[in-house]
Amino acid sequence: MKYQLPRLARHLLAGGASLLFLLPVYWMFVSALRAPGLPPPRTVEWWPADPHWGNYATLFTLLPMGRYLRNSLLVVAAATPLTLLTASWAGFALSQLPQPARGRLINLSVAFLLIPASAVWLFRFQLLRWFGLLDTLWGLIIPAIAASSPLFVLLYFWSFRRVPGELIEAARLDGAEVGQLWWRVAMPLVRPTTIAVAILTFVLYWSDFISPVLYIYRARWYTLPVGLQLIRQLDSTNWPLLLAAAALMTTPILLLFFVLQRTFLSNQSLSNLFDRS
Amino acid sequence: MKPLAWLRPPAYRTQLWLLLLPYLLGTIVLVGVPALFTVGMAFTEFNGVARPQWSGLTNFQRLWASPVIRLSLRNSLIFILAAVPIRLLAALSLALLLQRRERLFGYYRAAIYLPTIIPEAAYALIWLWIFNPFYGPLNMVLAALGLPTSDWLGNANSAIMAIVLMACFQIGEGFIVLIAGLQNIPRALYEAATVDGASPWQAFWRITLPLLFPWLLLLTVRDIVMSLQNSFAPTYILTYGGPYYATTFVPLLVYEIAFDLFDFGLAAAVMVVTYLILGWLIVGLVNAVGGWRRDSEF
């Protein structure tokens, strides 16, 4: 843009806003290090005098956090690959289908996207009961069979549409089946989209709080978000412990973002955010 | 590839439909059908186990007679009317500020996006600490600056504002979408405006805002629908609807009615009425700003 603030003012404003948005996360990590039993700080504590890492270990002795962690990992380990499979299948098929079927299916997907999750809670509960999936991890995983969100199908569709048609046409003339076209020709060309959808799916299932609250009753199958809620009920004034639980749950997502950020860079739709230049 | 599409043997077409099947069938069963049946459920008496009994408009009469349900509708509307404009304005200002391709700006954008990816349950615990009236960082910062402190979650008036404040830090989605929208605006338009002697202010009102308009409208509509639903985790973990029902929003109350009181019919009726009100709000908004196609003057 032609019109701009002076350089220093720009950086001060932008940097200030960034710091403000980092503050909640920073406070979480710092307050999780305070030794338990100490009276809470009387002023804002920017770094604990004596960092206490033991809070993280206490979490696992106070509650079966290990089991909740395992359940959460099972859910994302099943849901993420499944979503990648069904979303890329559907996206590929959409990009190959002729009009008007394609246009209609895309309109349908957008319509599905507008239906809020809370509008389907009540009946989905009944569905899961009929299928016998209530109170099992499968009840949490099952949306992955339907690509988790029409958004992921649309992301794949947009990426596959950029693949040159001659490439697929040529492979087809060589006698490739639809499965081979999808796996050998199309998928390698949209790797950034696969990574973006994988991250978004991971975050979706890892963070899901509502589904386990609605559909899981036995403590055996609780996932991490429910564990966090239990700690809050169990020991609601033990701040370092509560925040250690929050940090435990947030860290995998932060790591995922930092590790895969470089691959994000090559994705058109998401590169805007992480572009270094 | 498009002109040759009709030459394809039908077998290939069938294979494509097979690839679509899990997504289409799954979404219809898990999203489409439940959404429709929830509407039907609103007209029945249904405890979740026995066969639903047709009950006509009884649930809607009970809904109207219940002060708590009316209060939750009112609270939800207040929440939406407060949160959506602030969230949108914040996302827009930050997108305008941070859209530049300049050193460090990638890090700034990542920082703004960060709170959005924190899991709901963890995010709620963080704010429970921040809002703590005695030891929470927020009141300490306010006190250090000589500003008035507050009870936050302990007080009926400030509790709703506290939930709004939390929601204003998770604006990453709108922020990225608006940056993408800004970068889609052709540079040549600004250059032409400069040549014509337009001020930055005029360029913003005449170029940026009209071209960004469809994106803003889309985000507003989406935010109205999503804000309501995203209020579930914070109200469940932070306040459980209190103090004195001040943060009892529709999703939490529907959860209580259905899964604690096993009155699925009434819960469905509350959902139906809520989404009718939101639909009316959205249609009114779209009409008020002149429809989707205002950008067509370009």
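The values are calculated or read from the model by the stated rules, or taken from the named source; none is laboratory data. A quick note: this is a predicted structure, and the numbers were derived from the prediction, not measured. Here the Cβ is made from the backbone with ideal geometry for all residues, glycine too, and neighbour counts use every protein chain on show.
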For the range B:45-70, which residues satisfy the criterion of being in contact with a helix residue (DSSP H, G or I) (Cβ under 9 Å, 6 or more places away or on another chain) and within 20 Å of residue B:247 (Cα to Cα)?
B:63, B:64, B:66, B:68, B:69, B:70
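For the structure I just gave you, tell me whether residue B:103 is assigned to a loop (DSSP other than H, G, I, E, B) and within 12 Å of chain A (Cβ to nearest Cβ).
Yes: the conditions hold for residue B:103.
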If we only count helices (runs of 4 or more DSSP H) wholly inside the range A:101-159, which ones have 1 or more residues that are more than 28 Å from residue B:269 (Cβ to Cβ) and more than 20 Å from the chain's Cα centre (by Cα)?
A:101-114
Which is outside any helix (DSSP H, G or I), free of Cβ contacts under 8 Å to residues at least 40 places away in the same chain and of a type in the set (D, E, K, R), of B:51, B:70?
B:51
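Of the residues B:237, B:224, only one is within 20 Å of residue B:85 (Cβ to Cβ), modelled with pLDDT of 85 or more, in contact with a helix residue (DSSP H, G or I) (Cβ under 7 Å, 6 or more places away or on another chain) and in a helix (DSSP H, G or I); which?
None of the other options fit; the residue is B:224.
Considering only residues that are among the small types (Gly, Ala, Ser), surrounded by fewer than 13 Cβ atoms within 10 Å (Cβ to Cβ) and in a loop (DSSP other than H, G, I, E, B), which ones fall in the range A:1-40?
A:37
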Checking residue B:166 against (1) more than 7 Å from chain A (Cβ to nearest Cβ); (2) under 25 Å from residue B:92 (Cβ atoms); (3) at pLDDT below 90, only one condition comes out false. Which one?
(3)
Does any residue of the range A:123-144 turn out to be surrounded by fewer than 15 Cβ atoms within 10 Å (Cβ to Cβ) and either on the phi < 0 side of the Ramachandran plot or in contact with a strand residue (DSSP E or B) (Cβ under 9 Å, 6 or more places away or on another chain) (or both)?
yes
Among the residues of the range A:166-189, is there at least one that is in a loop (DSSP other than H, G, I, E, B), modelled with pLDDT under 85, surrounded by fewer than 21 Cβ atoms within 10 Å (Cβ to Cβ) and more than 11 Å from every other protein chain (Cβ to nearest Cβ)?
yes
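For every residue, the table says whether it meets (1) closer than 17 Å to residue B:120 by Cβ; (2) within 26 Å of the chain's Cα centre (by Cα).
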position	(1), (2)
B:174	no, yes
B:177	no, yes
B:201	no, no
B:207	no, no
B:218	no, yes
B:222	no, yes
B:234	yes, yes
B:257	no, yes
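I'm trying to understand the selection: among the residues of the range A:72-96, which are within 11 Å of chain B (Cβ to nearest Cβ) and surrounded by fewer than 20 Cβ atoms within 10 Å (Cβ to Cβ)?
Once the filter is applied, which keeps residues that are within 11 Å of chain B (Cβ to nearest Cβ) and surrounded by fewer than 20 Cβ atoms within 10 Å (Cβ to Cβ), the range A:72-96 yields only A:85.
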